[in-house]
Amino acid sequence: MVRVAEHAKQIIFDVDGETLTFNLADLEVQAKLGSAKRLIDLPNGGMLEAADIGELEAAMPSKISTFWRGLHYLENHLGWVFVAMLLTVFAGWMFLQFGVPKMAEYVADITPPSMETKIGEQVLAGLDSQVGYFSPSKAEPKRRASVIAELNQLCTTLKTCPQYRLEFRDGGEGDIGANAFALPGGIVVMTDQLITLSKNDTEVVAVLAHELGHVNQRHAFRQSLQGVLAGLILAAITGDVSSVASGLPAALMQMKYSRAHETEADMFALNAMQTACLPPKAFADILQRLQNQALSDEGDDKTTKPQAENNTKSNKPKSTKPDPVLEMLASHPDTQVRIQPFLAAKQDCNQASKI
């Protein structure tokens, strides 16, 4: 039998002719959990479980937390539970949207450049080892040497040209094709197909100047860190750490720049070209040609799709999962908006532009 001596501020247990007495001030009443029985921790290490402790709570009001009382009220009202769920989702989205990029920027700033370079080399090695992504460059050595010389000349005229390593690869005629992109550690990859698509070295250097803008701001490394940090946060919430460990390489491969990053890289390229006395229109021309080629490829796919479906009897569903490399390469939004500053810019070789 359990009795509460309200005036004496004690709780009394009568068990098999033995009486145990504890001061109410020494009890720890655990918070309510739905309609479950209440638990009271006793000072001797024991525990009391009871369905109704109203009398005990009335005798020890100072021990009842207003916070836990309010929380119990909220969890027993579906409307408030729904509001709390929405607020939690919103707070999580805000943190992933704004907090994670700031964290990634901080981590990138304190990461040694040598570590970032190793990450970029591993990503490039992964691209080289995957069948269908890259093969050794087949571009003429003279043309490659000409591009290298033009890019070196560009960097010679700039005051803040970042450290980079230019890599030539054959992107094939299918998925990757004409492209250039920056990896962590200042590795810039350009495909033979981009050289073929360009009308001159100036257009190629214009695209590479854009990629140097990404290198200068360490966008690739920061984006990969954002993916990893977001995965770790989701793992902490869900408790599934294994999915994060297996998804680290995919996070590095799925670097999708934000509009702000693209604008920063575009402005770097524009200022670089003006400083080096290169026509800004060259970037607009090659970018427009890249978009036209992409739209043409999409049109060809839609045209040949019905015939391909009629010639196959396979019942296997076609995968709609996006290729991570293509997601990385197709991350440049709003081409028409992006080229406007380059079309409007005037070439002034006497200006002392600083970047």
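The values are calculated or read from the model by the stated rules, or taken from the named source; none is laboratory data. Keep in mind that this is a model prediction, so the values were computed, not measured. Virtual Cβ from ideal backbone geometry, glycine too; neighbours counted across all protein chains shown.
Does ALA180 satisfy being surrounded by fewer than 16 Cβ atoms within 10 Å (Cβ to Cβ) and either closer than 19 Å to PHE268 by Cβ or at pLDDT 90 or above (or both)? No: the conditions fail for ALA180.
Of all residues in the stretch 103-120 being surrounded by 11 or more Cβ atoms within 10 Å (Cβ to Cβ) and among the charged types (D, E, K, R), which is modelled with the lowest pLDDT? Steps first, answer last, please.
So in the stretch 103-120, the residues surrounded by 11 or more Cβ atoms within 10 Å (Cβ to Cβ) come out as 103-108, 111, 113, 115-120.
Filter once more, keeping what is among the charged types (D, E, K, R): 105, 116, 118.
Details: GLU105: 80, GLU116: 90, LYS118: 92.
It comes out as GLU105.
Filter the stretch 121-132 for residues that are buried (at least 17 other Cβ atoms within 10 Å of the Cβ) and under 24 Å from THR196 (Cβ atoms) and give the result. Before the answer, list the steps.
Step one: of the stretch 121-132, the residues buried (at least 17 other Cβ atoms within 10 Å of the Cβ) are 123-124, 127.
Answer for the stretch 121-132, where residues must be buried (at least 17 other Cβ atoms within 10 Å of the Cβ) and under 24 Å from THR196 (Cβ atoms): LEU124, LEU127.
Yes/no per residue for (1) touching a Cys at 6+ places or on another chain (Cβ under 9 Å); (2) at pLDDT 95 or above; (3) under 21 Å from PHE181 (Cβ atoms); (4) not assigned by TED's automatic domain parsing to the domain that holds LEU212:
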site: SER242; (1), (2), (3), (4): no, no, no, no
site: LYS256; (1), (2), (3), (4): no, no, yes, no
site: HIS261; (1), (2), (3), (4): no, no, yes, no
site: GLU264; (1), (2), (3), (4): no, no, yes, no
site: ASN271; (1), (2), (3), (4): no, no, yes, no
site: GLN274; (1), (2), (3), (4): yes, no, no, no
site: CYS277; (1), (2), (3), (4): yes, no, no, no
